[in-house]
Amino acid sequence: MDQDLVITVTEIYGSIQGESSYAGLPCTFVRLTGCPLRCKWCDTAYGFTGGQQKSIAMILSEVKAIGLPLVELTGGEPLAQKNCVPLAKKLVEAGYRVLIETSGSEDVSTLPTEVHIIMDLKAPGSGMSDRNMFKNLDHLKPSDEIKMVLAHRDDFDWAISIMEQFKLSERFNVLLSCAFGLLQPKDLCEWMVAAKVGARLNLQQHKYIWHPRAKGV
Ligand code: SF4
């Protein structure tokens, strides 16, 4: 495979993984530039444009220099760049535990099976729910994770109905998140307990540790 394939990258940095079942672990983040979606509450709009073109070899070198065994490909929407899949393969081959956070609007079927997929399903409050590719669910492994970011009670009710429709709790790990500043974690906790929901509360730990709008953390 050609290590000279080029990818546009917003930032590469080491931090604590703030979300998913990997939350709390030191992790290198490779944030790829660009996203075809425009979620109303997006917190990484700075990654829509710009970035630096880097070869896969350059990215691997930066990841190696940071020296953490866990690496997350994120964005933006990492799978919007076709060279994301070759990058994921190279990282797997290099021995990293690779996570990818994807919006679910791009095909995940070509990712190596070793990659742990954290796939968003977009609730109506994002304004992007018509972009959900539910056929992606057929390509996920039982160990992969479905994340739904919720802005209000209607989003929570939508999440419950989607979980029932696709039997998500029986098939995957399901994470429910608050759109930061729009839905209070306390409210979501109460709804989850009352609904006896088969999902895990997913707080963005980095937003409680650092400033909510801090970059590179
Ligand atoms: S998919 Fe992610 S990066 Fe893209 S607009 Fe939505 S929240 Fe932002």
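Of note:
- Output for the stretch 117-139, where each listed residue is surrounded by fewer than 19 Cβ atoms within 10 Å (Cβ to Cβ) and more than 14 Å from the ligand (Cβ to nearest atom): F134, K135, D138, H139
- On the stretch given as the stretch 57-88, residues that are part of a helix (DSSP H, G or I), in contact (Cβ under 8 Å) with a residue 40 or more places away in the chain, closer than 26 Å to A23 by Cα and in contact with a helix residue (DSSP H, G or I) (Cβ under 9 Å, 6 or more places away or on another chain) total 7.
- Test: residue in the stretch 78-87 that is among the aliphatic types (A, V, I, L, M), modelled with pLDDT of 95 or more and more than 11 Å from the ligand (Cβ to nearest atom): yes
- Flag if S109 is in a loop (DSSP other than H, G, I, E, B) and either under 12 Å from the mean Cα position of the chain (by Cα) or of a type in the set (S, T, Y) (or both): yes
- Of all residues in the stretch 116-170 being among the polar types (S, T, N, Q) and part of a loop (DSSP other than H, G, I, E, B), the one that is farthest from V98 (Cα to Cα): N132
- Tally of residues being in a helix (DSSP H, G or I) and closer than 17 Å to M148 by Cα across the stretch 186-217: 9
- Sole exception among (1) within 23 Å of K215 (Cα to Cα); (2) surrounded by fewer than 21 Cβ atoms within 10 Å (Cβ to Cβ) for L73, by number: (2)
- Looking across the stretch 21-50, the residues that are within 16 Å of the ligand (Cβ to nearest atom), surrounded by fewer than 20 Cβ atoms within 10 Å (Cβ to Cβ) and in a loop (DSSP other than H, G, I, E, B) come down to G34, P36, R38, K40, W41, C42, D43, T44, F48, T49, G50.
- Filtered residues of the stretch 10-20 (kept if touching a Leu at 6+ places or on another chain (Cβ under 6 Å) and not in a loop (DSSP other than H, G, I, E, B)): G14
The values are calculated or read from the model by the stated rules, or taken from the named source; none is laboratory data. As the structure is a computational prediction, the values presented were derived from the model and not from experiment. Note that we place each Cβ from the backbone using ideal geometry, even for glycine, and neighbour counts take in every protein chain shown.
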